[in-house]
């Protein structure tokens, strides 16, 4: 009997030892949990060197409307924002100079000579500057998503993040060309878009630029859709872009420099036309202090560059922030 008791006791001790070892192996100490570790790492990644800030904020415009998604600036430097079934127009002083309602939720906005173009899911709508709806264009792909629109003379270019193509339309809404397919003969790499961020813009040399976010780079195309070149590297350093897919938004300044926004780390940078890092414009903490670091989502919704060289940032608080280059 005593021998049986000894065996049972030994088995129980063995089971207890196994339990304790397993607990130590699989349970993380409180100081190493995902919340503390990854949160601290992300906050660290969002930090920017203030000595490298090359711009200063001159004005913040409170729009008073939640859920804004897009911003653009016309040739007269009027500011247009869209979202929440509305378009709002502001002048440089921050005074609202116009507004009108639209049919549905918008994703992006661009202006032509006398028109306003809006992305509506998979479609594009054209409005007059007075808010009169002129046309709703037939979607290229009913399951698509228009995330950016750029106007160049008589043609309108739209980035479809689902179709992974840039769609070139004539002014009457006819599809003229599909740009961005992978082509081994021309070297066109094709677009990799993991998270539906796909931005396009035109430079002053009549050239089309697009983000290839999955490749962490910007690419240059002719207006006829031929791939020319690109720049950008994957790195957590200032010289490139980090994450799965960046930059999320970009704009081209009158001097040819690029303004980029990286989601996740919330950094707004300036690069020269060859892709050399020049300076920061803003980062987490630049808009609402520590609230920026606690924000659940991307700090910047969209950005634009004006003919005045100013940078216009639509933030997650539905504020329009206007930055100008510092005097050196």
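Annotations
- Of the residues examined, residue 302 is not one that is under 19 Å from residue 52 (Cα atoms) and within 13 Å of the chain's Cα centre (by Cα).
- Residue within segment 290-297 that is at pLDDT 95 or above and at positive phi present: no
- Selected residue (criterion: nearest to the chain's Cα centre (by Cα)) from residues of segment 279-299 that are part of a loop (DSSP other than H, G, I, E, B) and buried (at least 21 other Cβ atoms within 10 Å of the Cβ): 299
- Within segment 113-131, the set of residues being touching a residue at least 40 places away in the same chain (Cβ under 8 Å), outside any strand (DSSP E or B) and within 21 Å of the chain's Cα centre (by Cα) comprises just one member, 122.
- Residues that are assigned to a loop (DSSP other than H, G, I, E, B), touching a residue at least 12 places away in the same chain (Cβ under 8 Å) and under 21 Å from residue 103 (Cβ atoms), drawn from segment 132-160: 138, 139, 140, 141, 142, 143, 144, 145
- Residue in segment 163-184 that is in contact with a helix residue (DSSP H, G or I) (Cβ under 8 Å, 6 or more places away or on another chain) and under 20 Å from residue 143 (Cα atoms) present: no
The values are calculated or read from the model by the stated rules, or taken from the named source; none is laboratory data. Bear in mind that the values here come from a model prediction, so they are computed numbers and not experimental data. Please note: Cβ atoms are built from the backbone with ideal geometry, for glycine as well, and neighbour counts cover all protein chains shown.
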